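First the structure, in the form of structure tokens, and then the observations on it.
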């Protein structure tokens, strides 16, 4: 038996219109899952949807702002209507708004906390309710190395606070939902190429920062999060809940 096989499973990925969200969705589809995609940009979701359909999997794209409980409720209901269940949830939607703490505006604080933490809570709340009915579910939250450590390159206390919060939320929900055969874990990626990092990763000072901070002296490559994602989404991790796996080239080990 292939304990990593996701054939027949129904997955939902938020923030699936670009970057790591696209990689997560395709990785799940490659292992046999049908995938629902959430994001605010429906035109970009449609592109990803067609790519997954071409892989022979079912896929639906739904416009959803994860900071709005009304939109989340309607979108989750639509997935249940079409798929009948949700076995896997990947909370990937995220944003950033960097500035020094003493200069950060309330609007930038709220923007990041609402998307990166409140959004994880809202989607988990409504998908979790369905998973409780099923007596089965796998929730994978995307945190960050900055949910564990500080950084000297990008002053972003809002991002750090949100990603720390995701790890705390992961532990709390894991404890609450274990009795329903639901596991809740998170992944803490290091730096990967994405829309969020596009403006930084080619700067000489950023490359020097990575070389000095990461034992592997490089950012992550496409696909290097797939192993952790599939492990936490599959029955291979049936006795693991409440944990965070850091996929960061050793960044948080030093």
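What follows is calculated from the coordinates using simple rules that are stated; it is not laboratory data. Predicted, not measured: the structure shown is a model, and the values here were computed from it. Every residue, glycine as well, gets a Cβ built from its backbone with ideal geometry; the counts of neighbours run over all protein chains shown.
Observations on the model:
- Test for residue 145: is it over 27 Å from residue 74 (Cα atoms) and in contact with a helix residue (DSSP H, G or I) (Cβ under 8 Å, 6 or more places away or on another chain): yes
Listed here are the residues, each with its yes/no results for (1) under 18 Å from the mean Cα position of the chain (by Cα); (2) buried (at least 20 other Cβ atoms within 10 Å of the Cβ); (3) closer than 27 Å to residue 176 by Cβ; (4) touching a residue at least 60 places away in the same chain (Cβ under 8 Å).
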| site | (1), (2), (3), (4) |
| --- | --- |
| 193 | yes, no, no, yes |
| 200 | no, no, no, no |
| 204 | no, no, no, no |
| 208 | no, no, no, no |
| 224 | yes, no, no, no |
| 233 | yes, yes, yes, yes |
| 249 | no, yes, no, no |
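- Test: residue 189 is surrounded by fewer than 14 Cβ atoms within 10 Å (Cβ to Cβ), closer than 11 Å to residue 249 by Cα and touching a residue at least 24 places away in the same chain (Cβ under 8 Å): no
- Screening the stretch 235-247 for residues that are touching a strand residue (DSSP E or B) at 6+ places or on another chain (Cβ under 6 Å) and buried (at least 17 other Cβ atoms within 10 Å of the Cβ) and picking the one that is nearest to residue 136 (Cα to Cα) gives 241.
- Residue tally, condition assigned to a helix (DSSP H, G or I) and either out of contact with any helix residue (DSSP H, G or I) (no Cβ under 8 Å at 6 or more places or on another chain) or over 17 Å from residue 83 (Cα atoms) (or both), over the stretch 26-36: 3
- Selected residue (criterion: surrounded by the fewest Cβ atoms within 10 Å (Cβ to Cβ)) from residues of the stretch 165-186 that are part of a helix (DSSP H, G or I) and touching a helix residue (DSSP H, G or I) at 6+ places or on another chain (Cβ under 7 Å): 180
- A single member of 66, 72, 35 is over 23 Å from residue 188 (Cα atoms) and either within 18 Å of the chain's Cα centre (by Cα) or without any contact (Cβ under 8 Å) to a residue 40 or more places away in the chain (or both), and it is 72.
Every residue, every condition in (1) exposed (fewer than 15 other Cβ atoms within 10 Å of the Cβ); (2) not in a loop (DSSP other than H, G, I, E, B), yes or no:
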{"site": "6", "(1), (2)": "no, no"}
{"site": "13", "(1), (2)": "no, yes"}
{"site": "20", "(1), (2)": "no, yes"}
{"site": "24", "(1), (2)": "no, yes"}
{"site": "38", "(1), (2)": "no, yes"}
{"site": "45", "(1), (2)": "no, yes"}
{"site": "56", "(1), (2)": "yes, no"}
{"site": "60", "(1), (2)": "no, yes"}
{"site": "81", "(1), (2)": "yes, yes"}
